[in-house]
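Data block below; observations after.
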Amino acid sequence: MPSASRTTPPPPASRPPIAAPARPADSVDRVYRAVTQRAVNWRFAPGERINEVALAGELGVSRTPVREALNRLARDGFVRFVPNRGFVARDLTPELVRDLYELRAAIEVAAVRLACARAGDEAIAKLAGAWHAATADAASRRIDRLTAADEAFHRGIARLSCNGELVATLERVNAQIRFFRRVDQELPERRDRTYSEHADVLACLARRDARRAGELVERHVVLSLERAIAVTEQVVARIRG
(Lines give C-alpha, C1' and ligand atoms only; values in the text may rest on other atoms or scores of the structure.)
Protein backbone atom coordinates (compact mmCIF):
# COMPACT_ATOMS: atom_id res chain seq x y z
CA MET A 1 0.00 0.00 0.00
CA PRO A 2 1.57 3.28 -1.03
CA SER A 3 2.58 5.46 1.83
CA ALA A 4 0.77 8.71 2.24
CA SER A 5 2.64 11.67 0.89
CA ARG A 6 3.92 14.02 3.47
CA THR A 7 3.53 17.74 3.12
CA THR A 8 6.62 19.66 4.07
CA PRO A 9 5.60 22.36 6.51
CA PRO A 10 6.35 25.89 5.31
CA PRO A 11 9.33 27.54 6.88
CA PRO A 12 8.47 29.83 9.75
CA ALA A 13 7.79 33.36 8.70
CA SER A 14 10.84 35.50 9.07
CA ARG A 15 10.56 38.15 11.69
CA PRO A 16 12.15 41.54 11.38
CA PRO A 17 15.11 41.96 13.66
CA ILE A 18 14.32 43.64 16.91
CA ALA A 19 16.12 46.94 17.15
CA ALA A 20 18.32 47.26 20.17
CA PRO A 21 16.98 49.87 22.54
CA ALA A 22 18.90 53.10 22.54
CA ARG A 23 21.41 53.27 25.34
CA PRO A 24 21.14 56.20 27.76
CA ALA A 25 24.64 57.31 26.77
CA ASP A 26 23.58 57.45 23.11
CA SER A 27 20.64 59.68 24.00
CA VAL A 28 22.85 62.02 26.01
CA ASP A 29 25.37 62.24 23.15
CA ARG A 30 22.64 62.99 20.63
CA VAL A 31 21.08 65.65 22.85
CA TYR A 32 24.50 67.10 23.61
CA ARG A 33 25.27 67.49 19.90
CA ALA A 34 21.88 69.07 19.21
CA VAL A 35 22.07 71.51 22.12
CA THR A 36 25.69 72.37 21.34
CA GLN A 37 24.66 73.45 17.83
CA ARG A 38 22.07 75.72 19.35
CA ALA A 39 24.63 77.21 21.73
CA VAL A 40 27.32 77.63 19.06
CA ASN A 41 24.89 79.55 16.84
CA TRP A 42 23.47 81.62 19.72
CA ARG A 43 19.99 80.11 19.47
CA PHE A 44 19.87 80.78 23.22
CA ALA A 45 19.92 84.52 23.83
CA PRO A 46 22.67 85.78 26.18
CA GLY A 47 21.56 85.33 29.79
CA GLU A 48 18.42 83.39 28.79
CA ARG A 49 17.18 80.76 31.22
CA ILE A 50 17.04 77.43 29.40
CA ASN A 51 13.70 75.65 29.78
CA GLU A 52 14.68 72.00 30.21
CA VAL A 53 11.11 70.70 29.86
CA ALA A 54 10.52 72.58 26.61
CA LEU A 55 13.91 71.50 25.25
CA ALA A 56 13.21 67.85 26.12
CA GLY A 57 9.87 68.03 24.31
CA GLU A 58 11.47 69.64 21.27
CA LEU A 59 14.11 66.91 21.07
CA GLY A 60 11.70 64.06 21.87
CA VAL A 61 13.54 62.82 24.96
CA SER A 62 13.05 62.79 28.70
CA ARG A 63 14.41 65.54 30.89
CA THR A 64 17.28 63.36 32.18
CA PRO A 65 19.49 63.36 29.02
CA VAL A 66 18.80 67.08 28.61
CA ARG A 67 20.04 67.74 32.15
CA GLU A 68 23.17 65.62 31.57
CA ALA A 69 23.87 67.34 28.25
CA LEU A 70 23.51 70.77 29.87
CA ASN A 71 25.95 69.76 32.59
CA ARG A 72 28.47 68.92 29.88
CA LEU A 73 27.78 72.24 28.15
CA ALA A 74 28.40 74.02 31.44
CA ARG A 75 31.83 72.38 31.64
CA ASP A 76 32.46 73.51 28.05
CA GLY A 77 31.61 77.11 28.90
CA PHE A 78 28.42 77.43 26.84
CA VAL A 79 26.00 77.67 29.76
CA ARG A 80 26.24 78.17 33.49
CA PHE A 81 24.21 76.81 36.37
CA VAL A 82 22.61 79.36 38.68
CA PRO A 83 21.17 78.06 41.98
CA ASN A 84 17.39 78.44 42.22
CA ARG A 85 17.26 79.42 38.57
CA GLY A 86 18.74 76.55 36.59
CA PHE A 87 20.87 76.61 33.46
CA VAL A 88 21.44 79.99 31.85
CA ALA A 89 23.01 80.76 28.45
CA ARG A 90 26.43 82.40 28.53
CA ASP A 91 26.65 86.17 28.57
CA LEU A 92 28.02 88.04 25.59
CA THR A 93 30.49 90.86 26.20
CA PRO A 94 33.46 92.29 24.29
CA GLU A 95 35.69 91.10 27.13
CA LEU A 96 34.47 87.51 26.62
CA VAL A 97 35.26 87.69 22.91
CA ARG A 98 38.70 89.16 23.54
CA ASP A 99 39.46 86.62 26.29
CA LEU A 100 38.50 83.68 24.08
CA TYR A 101 40.69 84.92 21.24
CA GLU A 102 43.60 85.47 23.63
CA LEU A 103 43.16 81.90 24.90
CA ARG A 104 43.03 80.63 21.33
CA ALA A 105 46.21 82.54 20.51
CA ALA A 106 48.07 81.08 23.49
CA ILE A 107 47.09 77.55 22.44
CA GLU A 108 47.96 78.07 18.79
CA VAL A 109 51.31 79.73 19.47
CA ALA A 110 52.31 76.71 21.55
CA ALA A 111 50.98 74.41 18.83
CA VAL A 112 52.88 75.97 15.94
CA ARG A 113 56.15 76.02 17.90
CA LEU A 114 55.77 72.34 18.74
CA ALA A 115 54.84 71.62 15.13
CA CYS A 116 58.07 73.23 13.94
CA ALA A 117 59.99 70.80 16.15
CA ARG A 118 57.95 67.64 15.66
CA ALA A 119 56.15 67.60 12.31
CA GLY A 120 57.66 65.83 9.32
CA ASP A 121 58.17 67.50 5.96
CA GLU A 122 55.48 65.36 4.36
CA ALA A 123 52.90 66.30 7.04
CA ILE A 124 53.63 70.01 6.59
CA ALA A 125 53.34 69.68 2.81
CA LYS A 126 50.02 67.85 3.24
CA LEU A 127 48.67 70.69 5.41
CA ALA A 128 49.73 73.26 2.80
CA GLY A 129 48.10 71.20 0.05
CA ALA A 130 44.84 70.91 1.97
CA TRP A 131 44.70 74.67 2.54
CA HIS A 132 45.43 75.48 -1.10
CA ALA A 133 42.89 72.93 -2.33
CA ALA A 134 40.19 74.32 -0.01
CA THR A 135 40.77 77.89 -1.20
CA ALA A 136 41.57 77.32 -4.88
CA ASP A 137 38.23 78.30 -6.41
CA ALA A 138 35.89 81.25 -6.24
CA ALA A 139 33.46 79.37 -4.00
CA SER A 140 36.07 79.46 -1.23
CA ARG A 141 35.46 83.20 -1.00
CA ARG A 142 32.08 82.47 0.55
CA ILE A 143 32.15 83.18 4.27
CA ASP A 144 31.03 79.73 5.36
CA ARG A 145 33.59 77.98 3.13
CA LEU A 146 36.45 80.23 4.18
CA THR A 147 35.57 79.98 7.87
CA ALA A 148 35.53 76.18 7.72
CA ALA A 149 38.82 76.09 5.77
CA ASP A 150 40.42 78.53 8.20
CA GLU A 151 39.40 76.48 11.21
CA ALA A 152 40.63 73.27 9.54
CA PHE A 153 43.99 74.91 8.80
CA HIS A 154 44.56 75.92 12.40
CA ARG A 155 43.34 72.55 13.65
CA GLY A 156 45.84 70.95 11.28
CA ILE A 157 48.70 72.93 12.82
CA ALA A 158 47.59 71.80 16.28
CA ARG A 159 47.62 68.18 15.15
CA LEU A 160 51.16 68.62 13.85
CA SER A 161 52.17 69.44 17.43
CA CYS A 162 51.53 65.76 18.30
CA ASN A 163 49.89 66.88 21.55
CA GLY A 164 46.41 65.42 21.88
CA GLU A 165 45.43 67.49 24.92
CA LEU A 166 46.37 70.68 23.12
CA VAL A 167 44.22 69.68 20.14
CA ALA A 168 41.24 68.85 22.37
CA THR A 169 41.49 72.19 24.17
CA LEU A 170 41.65 74.07 20.89
CA GLU A 171 38.55 72.22 19.65
CA ARG A 172 36.60 73.41 22.70
CA VAL A 173 37.69 77.01 22.14
CA ASN A 174 36.91 76.78 18.42
CA ALA A 175 33.35 75.75 19.22
CA GLN A 176 32.90 78.76 21.50
CA ILE A 177 34.18 81.28 18.96
CA ARG A 178 32.82 79.77 15.73
CA PHE A 179 30.03 82.31 15.37
CA PHE A 180 32.41 85.22 16.08
CA ARG A 181 34.90 83.80 13.61
CA ARG A 182 32.31 83.78 10.85
CA VAL A 183 31.31 87.38 11.56
CA ASP A 184 34.95 88.50 11.71
CA GLN A 185 35.66 86.95 8.30
CA GLU A 186 32.97 89.08 6.67
CA LEU A 187 35.37 92.00 6.41
CA PRO A 188 37.14 91.84 3.00
CA GLU A 189 40.43 93.02 4.51
CA ARG A 190 40.21 90.28 7.13
CA ARG A 191 39.72 87.64 4.44
CA ASP A 192 42.70 88.95 2.46
CA ARG A 193 44.84 88.88 5.60
CA THR A 194 43.82 85.28 6.23
CA TYR A 195 45.19 84.16 2.86
CA SER A 196 48.47 86.06 3.11
CA GLU A 197 49.16 85.27 6.77
CA HIS A 198 48.49 81.56 6.33
CA ALA A 199 51.07 81.54 3.53
CA ASP A 200 53.60 83.18 5.87
CA VAL A 201 52.92 80.65 8.63
CA LEU A 202 53.36 77.74 6.21
CA ALA A 203 56.70 79.18 5.08
CA CYS A 204 57.87 79.36 8.69
CA LEU A 205 56.77 75.78 9.31
CA ALA A 206 58.67 74.58 6.25
CA ARG A 207 61.91 76.15 7.44
CA ARG A 208 61.28 75.26 11.13
CA ASP A 209 61.35 78.86 12.31
CA ALA A 210 59.45 78.36 15.58
CA ARG A 211 60.03 81.86 16.95
CA ARG A 212 58.77 83.66 13.85
CA ALA A 213 55.89 81.21 13.38
CA GLY A 214 54.71 81.88 16.92
CA GLU A 215 54.85 85.66 16.38
CA LEU A 216 52.86 85.40 13.16
CA VAL A 217 50.17 83.17 14.67
CA GLU A 218 49.73 85.43 17.69
CA ARG A 219 49.36 88.51 15.51
CA HIS A 220 47.02 86.63 13.19
CA VAL A 221 44.68 85.41 15.94
CA VAL A 222 44.46 88.04 18.68
CA LEU A 223 41.69 90.61 18.46
CA SER A 224 42.14 94.10 19.83
CA LEU A 225 39.50 95.18 22.33
CA GLU A 226 38.25 97.63 19.71
CA ARG A 227 37.72 94.85 17.16
CA ALA A 228 36.21 92.61 19.87
CA ILE A 229 33.65 95.32 20.59
CA ALA A 230 32.80 95.62 16.88
CA VAL A 231 32.43 91.84 16.48
CA THR A 232 30.28 91.63 19.61
CA GLU A 233 27.96 94.35 18.35
CA GLN A 234 27.55 92.52 15.04
CA VAL A 235 26.81 89.21 16.78
CA VAL A 236 24.25 90.84 19.07
CA ALA A 237 22.56 92.40 16.03
CA ARG A 238 22.38 88.94 14.37
CA ILE A 239 20.89 87.36 17.48
CA ARG A 240 18.23 90.02 17.82
CA GLY A 241 17.54 90.10 14.09
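The values are calculated or read from the model by the stated rules, or taken from the named source; none is laboratory data. As the structure is a prediction and not an experimental result, all values here were calculated from the model. Please note: Cβ atoms are built from the backbone with ideal geometry, for glycine as well, and neighbour counts cover all protein chains shown. Protein only, heavy atoms only, side chains kept; ligands, DNA and RNA dropped before computing areas. Shrake-Rupley method; radii C 1.70, N 1.55, O 1.52, S 1.80 Å.
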### For C162, net neighbour charge (Lys/Arg +1, Asp/Glu -1) across residues whose Cβ lies under 13 Å away
+2
### Task
Consider just the alpha-carbon atoms of the chain and return their Rg together with their Dmax, both in angstrom.
25.0, 107
### Task
May I ask for the net charge around R208, where only other residues with Cβ less than 11 Å from the Cβ of R208 are counted and Lys, Arg are +1 while Asp, Glu are -1?
+3
### Query
Helix 121-134 versus the longest principal axis of the chain: what angle, 0 to 90°, nearest 10, using Cα atoms?
80
### Query
Size of the dipole of the chain about the Cα centre, Lys and Arg at +1 and Asp and Glu at -1 on the beta carbon, nothing else charged, in debye to 20?
760
### Message
Using a 7 Å offset from the Cα along the Cα-to-Cβ direction at both D137 and A74, what is the distance between the two label points in nm, to one decimal?
### Response
4.6
### Query
Using alpha carbons only, how many degrees (0 to 90, rounded to 10) separate the axis of helix 188-206 from the longest principal axis of the chain?
90
### Task
Would you be so kind as to identify which of F180, V217, A158 lies farthest towards the positive end of the dipole of the range 147-227, taking Lys and Arg as +1 and Asp and Glu as -1 on Cβ and the Cα centre as origin?
A158
### Query
Roughly what angle does helix 225-240 make with the longest principal axis of the chain, taking Cα atoms, 0 to 90 degrees, to the nearest 10?
30
#### Entry: Residue-by-residue Karplus 3J(HN,Hα) for the range 176-186, coefficients 6.51, -1.76, 1.60, Hz, glycine and proline x
6, 9, 4, 5, 4, 4, 5, 5, 4, 6, 6
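With a probe of 1.4 Å, find how much accessible area the chain has per residue, and write the answer as a whole number in Å².
Result: 56 Å² of accessible area for each residue.
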### Task
Would you work out the charge dipole size for the range 129-170 about its Cα centre, treating the Cβ of every Lys and Arg as +1 and the Cβ of every Asp and Glu as -1, and quote it to the nearest 20 debye?
80
#### Entry: For the chain: relative contact order, % (alpha-carbon pairs under 8 angstrom, 6 or more apart)
24
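What's the local net charge at A119, with K and R +1, D and E -1, over the other residues with C-beta under 15 Å away?
+3
Taking Cα atoms of the range 152-241, Rg/Rh with Kirkwood Rh, to two decimals?
Ratio of gyration radius to Kirkwood radius: 1.00.
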### Message
So if the hydrodynamic radius of the range 59-186 is defined as the Kirkwood radius over C-alpha pairs, what does Stokes-Einstein give as its diffusion coefficient at 4 °C and 1.567 mPa s, in µm² per second?
### Response
77
### Message
Leaving out ligands, DNA and RNA, and with a 1.4 Å probe, what % of the accessible surface on the chain is carbon or sulfur?
### Response
54
### Query
Between A125 and V82, what is the label-to-label distance in nm when each label sits 7 Å out along the Cα-to-Cβ direction?
5.6
## Note on the structure
Ordering 230-236, 164-170, 175-181 by per-residue average of other C-beta atoms within 10 angstrom, highest first, gives 175-181, 230-236, 164-170
### Summary
Per the helix-only model, the chain has a calculated mean residue ellipticity at 222 nm (DSSP H runs of ≥4, -39500 (n - 2.57) each, divided over all residues, rounded to the nearest 500) of -22500 deg cm²/dmol
### Query
In nm, to one decimal, how far is the A210 label point from the R43 one, both placed 7 Å along Cα→Cβ?
4.3
### Query
What percent of all Cα-Cα pairs in the range 71-129 falls in each 5 Å bin, counting up from 0?
4, 14, 14, 15, 13, 10, 11, 10, 5, 3, 1, 0
### Summary
Computed for the range 202-241: size of charge dipole around the Cα centre, +1 on C-beta of each Lys and Arg, -1 on C-beta of each Asp and Glu, debye to nearest 20, value 160
